[in-house]
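Working notes for the structure below.
The values are calculated or read from the model by the stated rules, or taken from the named source; none is laboratory data. Note that the structure is a prediction, hence the values are computed from the model and not measured. Positions of Cβ are generated from backbone atoms using ideal geometry, with glycine treated the same way; all protein chains shown enter the neighbour counts.
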Amino acid sequence: MLFRPLTAAFAVAAICTTTAAAPTATPPTEAQVRELVTKAATSKTCEDCVAALRVSREFARDSVTAAIELSKSMCPNITKSPADLCNGNIDKQMPVFIESVFKADFDRGDDKAICHYVTDNCPPPPVTAGTLRFPRPKPKVLTVPAHSGKLINVIHLSDWHVDELYEPGTEAQCDRNTCCRTFPTTNTSAPPIRAASTWGDYHCDTPVKLTRDLMQFIKKEISDIDFGILTGDIPPHDTWLETKETVVPIEKHSYETIASFLGDGVNVYPTIGNHEVAPANLYPTEKSGGSAQWLYNSLSSQWSPWLTPSARLQVRNNHGAYSTSPHRGFRIISLNTNFCLDDNYYLFSDLSDTDPNHELRWLISELQHAEDHNERVWIMGHGAPYQTSCLDNWSDLYYQVVLRYSPHVIAEQFFGHSHVDDFAIYYEHGNEAGVKNARTAVGMGWTGPSVTPYKNLNPGFRMYKIDTSSWNVFESVTYIANLDQAAQWDAKSETPNWHVEYSAREAYSPYVPLSADEPLSAAWWHNVTEAFENDPGNPTGPFQEYWKRHSKQSTAYATCLANTTCPQQMICALRSATGVDACVAAENGFKKRGDGGNGEAVEMVQETRPWSMKMCGNFW
């Protein structure tokens, strides 16, 4: 979130590569574009953003090449980023952004919507998707399977972000979105401000060494793993350098590493992240043109040790999404949620297309099949529909799907993308005011903690105990390593201190009692959020303990001050399973940590929607 204001400014600079009104007889001059873009980047108002977007599109209509070069010249000053980073990102992202904005319908309000999604300077567009029609009405009598009492162990890995070019001893406090490498502009004769340890740093992606040590810990310490889920993002955040020739080997090496430690008897069910593709984030739709078929073919092959032939065929032919049944009566549906993420600029070409590539229609068909055959279902994806980076219409439609098939079909939902440890609750009556309580809570979204420490987080993963009849979560145990001790590990030739950070049942059942034969249900979690409300300022109370777990106990993360609206906003977010669900407008409720953490804390005071959980946003 530290980089969110920076990315917003960069996106405004990128606006000078774009427009959808008829071309004017005399195109705008470079000076006019500079003036309006600079004003928009400074004022951060909707009006100025729209003005800059409109004039910039006219400038780009006259010469796309000139618009791209103008963006490159403005980017370092606006974003305070190195020229090679600016140039790389603009070269990779801007052609799609330009083409999409050319196609956008400004008369319909797409200009304001784009300014909202890219810079947050305009209010959210209205939800216009309407009401879904389902193959059959929801049954009047819902039958949820009884719990069997037999529990299995399931591993949840997320946001791996391995950096195969990580260099110990290099600068960890650099002017790029990921550090701990030697870059063309690195002054190798000067000592680093903070030297990267061999195990990682809060400003960097994951060293190969750390991923292997994590998998060794899992192999040694967690017995009887039935299967695993992997909720996306294998490559690092070096988006200005990435090509399909660089990301495919990284993905291949990582999947092979995971498989080698877990062994042949443990399948892992992956989903596709926004960093799997190159350029990052850009997944074409059937309407936009372009193709990422090379990636779907590659993943179908790389996931072959874990997926059935029919699931692999779906990966190839269904834009990376698939459905598979690991156990009788149980199904996993893996979505490509990049078709709802606002970093995917292909979506801006037709914002009226509320279901790109008909993925939600396919999801409904899979869920209807499951209902007809008495199957329980897990839905998994990378970016969560409840994160504010998900397009509002898609998020709203997905919520309708969840309500139609919960709680009797959909047992659980799992996502990643934000890198933090989090969750969201689905309620029976959606977002209607006054009906969010334990009785109306019908579903859970679990956000898996990231393996990467980027940014200002400890590395972690999770293990669930799952009932084999209801397929509900009975226990959630999060493991972490304290990366602020990395220098000590190096000095003493030690390995990371992987350990249990907390058990959800043990951590919160003192506040909301839960018997051994009850799952960690949506109703229970709602009551936990009520416990958060009761004493948000108590340093040892449930909310402040939750906030520490949010960052996996990172000493470099921001605190959430009790004398501000921050706790209220966070609790609101936990009860907001759509990106458009209204929460209180943000205040300066966050504060930098000053307790000796390794690196500066996140400047969340600048985030207008601090619950957005948008860690891998705009180019990063």
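Taking the residues in the stretch 176-185 that are closer than 21 Å to PRO235 by Cβ and surrounded by fewer than 15 Cβ atoms within 10 Å (Cβ to Cβ) as candidates, determine which candidate is nearest to the chain's Cα centre (by Cα).
Going residue by residue through the stretch 176-185, those that are closer than 21 Å to PRO235 by Cβ are 176-184.
From the residues that got through so far, the ones that are surrounded by fewer than 15 Cβ atoms within 10 Å (Cβ to Cβ) too are 182, 184.
Details: THR182: 27, PRO184: 30 Å.
Out of the qualifying residues, it is THR182.
Any idea which of ALA481, ALA522 is aliphatic (A, V, I, L, M), buried (at least 21 other Cβ atoms within 10 Å of the Cβ), more than 30 Å from ASN177 (Cα to Cα) and under 23 Å from the mean Cα position of the chain (by Cα)? Lay out the reasoning, then the answer.
Values: ALA481 fails: more than 30 Å from ASN177 (Cα to Cα).
It is ALA522.
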Mind listing just one residue for me: the one in the stretch 368-411 that is assigned to a loop (DSSP other than H, G, I, E, B) and among the β-branched types (Val, Ile, Thr) and, of those, modelled with the highest pLDDT? VAL409
In the stretch 460-564, which helices (runs of 4 or more DSSP H) lie fully inside it and hold 2 or more residues that are closer than 26 Å to TYR426 by Cβ and of a type in the set (A, V, I, L, M)? 504-508, 522-534
Which count do you get for residues in the stretch 421-459 that are part of a loop (DSSP other than H, G, I, E, B), in contact with a Phe, Trp or Tyr (Cβ under 6 Å, 6 or more places away or on another chain) and crowded, with 24+ Cβ neighbours inside 10 Å? 3
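How many residues does the stretch 42-101 hold that are among the hydroxyl-bearing types (Ser, Thr, Tyr) and in contact with a Cys (Cβ under 6 Å, 6 or more places away or on another chain)?
So the count comes out to 2.
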Could you check, for the stretch 589-600, whether at least one of its residues is modelled with pLDDT of 50 or more, hydrophobic (A, V, I, L, M, F, W, C) and surrounded by 17 or more Cβ atoms within 10 Å (Cβ to Cβ)? no
Restricting the stretch 200-244 to residues that are assigned to a helix (DSSP H, G or I) and of a type in the set (A, V, I, L, M), the residue that is surrounded by the most Cβ atoms within 10 Å (Cβ to Cβ): LEU210
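Any residue at all in the stretch 361-370 that's of a type in the set (A, V, I, L, M, F, W, C) and under 17 Å from the mean Cα position of the chain (by Cα)?
Among the residues of the stretch 361-370, not one is of a type in the set (A, V, I, L, M, F, W, C) and under 17 Å from the mean Cα position of the chain (by Cα), which makes the answer no.
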Checking LEU363, LEU403 in turn, the sole residue that is in contact with a helix residue (DSSP H, G or I) (Cβ under 8 Å, 6 or more places away or on another chain) and over 23 Å from HIS161 (Cβ atoms) turns out to be LEU363
Residue satisfying condition, being modelled with pLDDT of 95 or more, touching a strand residue (DSSP E or B) at 6+ places or on another chain (Cβ under 7 Å) and in the same structural domain as SER509 (by TED's automatic domain parsing), within set ASN482, ASN458: ASN458
May I ask you to say which residue of LEU214, LEU241, LEU210, LEU230 is farther than 22 Å from VAL420 by Cβ, in the same structural domain as TYR269 (by TED's automatic domain parsing), within 27 Å of the chain's Cα centre (by Cα) and not charged (D, E, K, R)? LEU241
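Conditions (1) touching a Pro at 6+ places or on another chain (Cβ under 6 Å); (2) not β-branched (Val, Ile, Thr), marked per residue:
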site	(1), (2)
LYS92	yes, yes
GLU99	no, yes
ALA104	no, yes
ILE114	no, no
VAL127	no, no
State all residues of the stretch 338-359 that are within 30 Å of THR143 (Cα to Cα) and either surrounded by fewer than 21 Cβ atoms within 10 Å (Cβ to Cβ) or at pLDDT below 95 (or both); if no residue qualifies, say none. ASP355, HIS358
Condition test on THR271, is it buried (at least 19 other Cβ atoms within 10 Å of the Cβ) and in contact (Cβ under 8 Å) with a residue 60 or more places away in the chain? yes
Looking at the stretch 298-337, which of the residues that are hydroxyl-bearing (Ser, Thr, Tyr) and buried (at least 24 other Cβ atoms within 10 Å of the Cβ) is nearest to TRP471 (Cα to Cα)? SER334
Please verify whether the stretch 374-383 includes one or more residues that are closer than 30 Å to ASP107 by Cα and crowded, with 24+ Cβ neighbours inside 10 Å. yes
Here are the criteria: (1) more than 25 Å from GLN553 (Cα to Cα); (2) over 25 Å from the mean Cα position of the chain (by Cα); (3) among the aromatic types (Phe, Trp, Tyr). Tell me which single one TYR511 does not satisfy. (1)
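With the structure loaded, tell me whether SER254 is in the same structural domain as LYS465 (by TED's automatic domain parsing), crowded, with 17+ Cβ neighbours inside 10 Å and over 13 Å from ILE155 (Cα atoms) or whether it fails that test.
Values: in the same structural domain as LYS465 (by TED's automatic domain parsing): yes; crowded, with 17+ Cβ neighbours inside 10 Å: yes; over 13 Å from ILE155 (Cα atoms): yes.
Considered against the rule, which asks whether it is in the same structural domain as LYS465 (by TED's automatic domain parsing), crowded, with 17+ Cβ neighbours inside 10 Å and over 13 Å from ILE155 (Cα atoms), SER254 comes out as yes.
Report yes if SER349 is in contact with a Pro (Cβ under 9 Å, 6 or more places away or on another chain), of a type in the set (Gly, Ala, Ser), in contact (Cβ under 8 Å) with a residue 24 or more places away in the chain and in a helix (DSSP H, G or I), otherwise no.
On the way: in contact with a Pro (Cβ under 9 Å, 6 or more places away or on another chain): no; of a type in the set (Gly, Ala, Ser): yes; in contact (Cβ under 8 Å) with a residue 24 or more places away in the chain: yes; in a helix (DSSP H, G or I): yes.
No, not satisfied.
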Surrounded by fewer than 23 Cβ atoms within 10 Å (Cβ to Cβ), of a type in the set (S, T, N, Q) and touching a residue at least 24 places away in the same chain (Cβ under 8 Å): does that describe THR170? yes
Considering only residues that are surrounded by 12 or more Cβ atoms within 10 Å (Cβ to Cβ) and among the polar types (S, T, N, Q), look in the stretch 486-517 and name the one that is nearest to VAL420 (Cα to Cα). SER503
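Do the conditions hold for THR198, that is, is it farther than 25 Å from TRP471 by Cα, within 24 Å of the chain's Cα centre (by Cα) and modelled with pLDDT of 95 or more? If you could, list the steps in order and put the result at the bottom.
Working: farther than 25 Å from TRP471 by Cα: yes; within 24 Å of the chain's Cα centre (by Cα): no; modelled with pLDDT of 95 or more: yes.
The answer is no for THR198.
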Restricting the search to the stretch 173-199, which residues are assigned to a loop (DSSP other than H, G, I, E, B), touching a residue at least 24 places away in the same chain (Cβ under 8 Å), farther than 23 Å from HIS275 by Cβ and not polar (S, T, N, Q)? ARG194
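Please work out which residue is nearest to VAL50 (Cα to Cα), limiting yourself to the stretch 66-112 and to residues that are charged (D, E, K, R) and assigned to a loop (DSSP other than H, G, I, E, B). Outline the logic, then answer.
If we filter the stretch 66-112 for residues that are charged (D, E, K, R), which is where we start, we get 69, 72, 80, 84, 91-92, 99, 103, 105, 107-108, 110-112.
Then keep just the ones that are assigned to a loop (DSSP other than H, G, I, E, B); that gives 80, 105.
Numbers: LYS80: 23, ASP105: 13 Å.
By that ranking, first place goes to ASP105.
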Answer from TRP489, TRP378, TRP471 - the residue that is in contact with a Pro (Cβ under 7 Å, 6 or more places away or on another chain) and hydrophobic (A, V, I, L, M, F, W, C): TRP489
If a residue must be among the hydrophobic types (A, V, I, L, M, F, W, C) and outside any helix (DSSP H, G or I), how many such residues does the stretch 44-60 contain? 0
